[in-house]
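Have a look at the structure below, then the notes.
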Amino acid sequence: MKAVLFDLHGTLACVKNDVTETEISEHLFSKGYEVSPQQLRAAWTFVSFIDYPKYGYRNWRSYFSKIFWRLKVKVDKETLNTIVKLLESKPYQLYPDAAEAVINAKKNGFKTAVVTTIAYFQFKKAVQPIRNYFDLIMTGYEAGCDKTNPKMYRKVLEILSVKPEEAVVIGDNAPIDIVLPKRLGINAIFLDREGKNEECPQADAIINSLSEAVETIIRIFGKK
């Protein structure tokens, strides 16, 4: 084993009390823009999984401007500023065990990477304290696709110069973080942070904390 690939959302970091489509929709309606939560969700999803991988965005302003473009809605500057500030007020935060787990993996000789569709600007500040412990941060833009496309994992392996069987993914989304990697020959550990005892027969292991997941990898595959 040579590399540990970390999922981002739900594994390394999360957004506490994140801004919902309903909140933004209500604000838009109050300003005279009829954008329903479902419309907003559809456009947001399109930009996240199709536009961002193609073009990349460096901040919430350009990202949400694209969402409004998709909706064919022209909002005034003040309204856009309010939404941007609201989104910026709810940033990604590392889980308490994330930094120690990543540092532990790196210090034990493993190559490390973040693998996510999510735009880098959304979690850049969160991972900044441990940025130097990652060999690679792969988002939808660098991969040119969303994470459900095998191309993303293949590109990560290529850049890290490791074979599928020499890497292990740690993630909390079974279809994307476990089933897909396993089809590519990559090892995978399912992270069940909330202890829901979810079944994931494809996983090589089911662990309740990120620290435990990394310690398990080190114990089994760590360099002598």
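Rounded to the nearest 5, the antiparallel percentage of DSSP beta bridges internal to the chain is 15%. Straight-line cross-link partners of Lys90 among the lysines, defined as a Cα under 28 Å from its Cα and at least 8 positions apart when in the same chain: Lys16, Lys31, Lys54, Lys66, Lys72, Lys74, Lys77, Lys124, Lys125, Lys147, Lys196. Applying both filters, DSSP loop and at most 16 other Cβ atoms within 10 Å, to the GluC sites (Glu not before Pro) of the range 128-224 gives Glu194, Glu198, Glu199. Net charge near Met138, counting Lys/Arg +1 and Asp/Glu -1 over other residues with Cβ under 13 Å of its Cβ? Combined, the nearby Lys, Arg, Asp and Glu give 0.
Altogether, the Stokes-Einstein calculation at 37 °C and 0.692 mPa s, with the Kirkwood radius of the range 95-150 over Cα pairs as Rh, returns a diffusion coefficient of 273 µm²/s.
Once the convex hull of all Cα atoms in the chain is built, its volume per residue stands at 119 Å³. Annotation for the range 20-88: trypsin sites (Lys or Arg not before Pro) lying in DSSP loop with at most 16 further Cβ atoms inside 10 Å of their Cβ are Lys31, Arg58, Lys72, Lys74.
Near Val35, the amide H atoms lying under 5 Å from its own belong to Phe29; only residues 5 or more places off or on other chains count, and H is placed 1.01 Å from N. For the range 31-128, applying the loop criterion from DSSP together with a ceiling of 13 other beta carbons within 10 Å to the GluC sites (Glu not before Pro) yields Glu34.
Neighbours of Ser211, meaning other residues whose beta-carbon lies under 10 angstrom from its beta-carbon, give a summed charge of -4 when Lys and Arg score +1 and Asp and Glu score -1. What the Cα atoms of the range 21-88 give is an Rg and a Dmax of 11.1, 33 Å.
Where a number appears in this text, it was derived from the coordinates with a stated rule and is not lab data. Not measured: the values here are computed from a predicted model. Neighbour counts run over all protein chains shown; Cβ positions are idealised from the backbone, glycine included.
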